[in-house]
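Here the structure is laid out as structure tokens; the discussion comes afterwards.
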Amino acid sequence: MKVVGFTFIRNAVRFDYPIVEAIKSILPICDEFVVALGNSEDSTLELISSINSDKIRIINTVWDDSLREGGRVLADETNKAFASISEDADWAFYIQGDEVIHEDYLENIRQGMLKYKDDKSVEGLLLNYTHFYGSYDFIGNSRRWYRKEIRVVRPWKTISSYRDAQGFRIEARKLRVKPIDAFVYHYGWVKSPFLQQEKQKYFNSLWHDDNWMKKNIAPEDSFDYGTIDSLKKFEGTHPQVMKDRIEKANWSFDFDPTKKNFGLKARILHLVENLIGWRIGEYKNYTIIK
């Protein structure tokens, strides 16, 4: 079985992305790994090169910063990496620059790949998500966080990244997938308040025009984590590749998990989900095969 990992990245140092940890977390079950390295203004190239693995292949790209509607440039960059994967691969394993896989889940993912390798009706594998917020001690538990997404796909050229690189489609059709008992740890909302604010300013510019930015993005130098609707304490362990990064965290964030910043409708929907596990009106960018 041949597995090729792929990702895209730009200015990882400037925005403190755990891209090295992301790549290293799935490298053990990948035969190759493609990195679409965007035109960065920092030392991202040196950072990626520091991984020092002969599995990694870097392709240099230039982001089209005019693709500002809905984050389309992110899908565009994902597609550049994906297009360089040879079709003799059985699976393509996608990971974004702020996502990390715990080592405890690697064997489950590998077994899922083996199980469905020759079943071409299975076009992708669906992973669960844990979203960290504010610090490495809290995770989001409200409807604002997506619960599952496709991260393993066939290397077919008919498949492409969808919208803002949230998932994948075959033309307009959702992929047919099988769920895997594994989690993606998403660390995109864990940075110092200063860097988080810088990231918000930059990445909102990939979705919106200048007028929207002026009206909606506050000029503050520090991001206010305290406005979140609901969090709970994280009770598990982090991936080993995250150990050094977590130990070097230089800011603090505390939150009362009993505090809920919900309106009435959101509070009712949150209660229903907690009671019966059903998320009413949940958007699903995939079709699960029974």
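The set of residues in the stretch 1-32 that are in a loop (DSSP other than H, G, I, E, B) and more than 13 Å from the chain's Cα centre (by Cα) comprises 1, 2, 10, 11, 12, 13, 14, 15, 16, 30, 31.
For the stretch 260-280, the set of residues classified as more than 24 Å from residue 194 (Cβ to Cβ) and touching a residue at least 12 places away in the same chain (Cβ under 8 Å) consists of 260, 262, 266, 269, 270, 273, 279, listed by residue number.
Among the residues of the stretch 274-290, not one is within 23 Å of the chain's Cα centre (by Cα) and part of a helix (DSSP H, G or I). Please work out if residue 173 is over 20 Å from residue 89 (Cα atoms), in contact (Cβ under 8 Å) with a residue 60 or more places away in the chain, exposed (fewer than 15 other Cβ atoms within 10 Å of the Cβ) and among the charged types (D, E, K, R). Criteria not met by residue 173.
No lab work stands behind these numbers, since they all come straight from the coordinates. These numbers were taken from a predicted model, which means no experiment stands behind them. Virtual Cβ from ideal backbone geometry, glycine too; neighbours counted across all protein chains shown.
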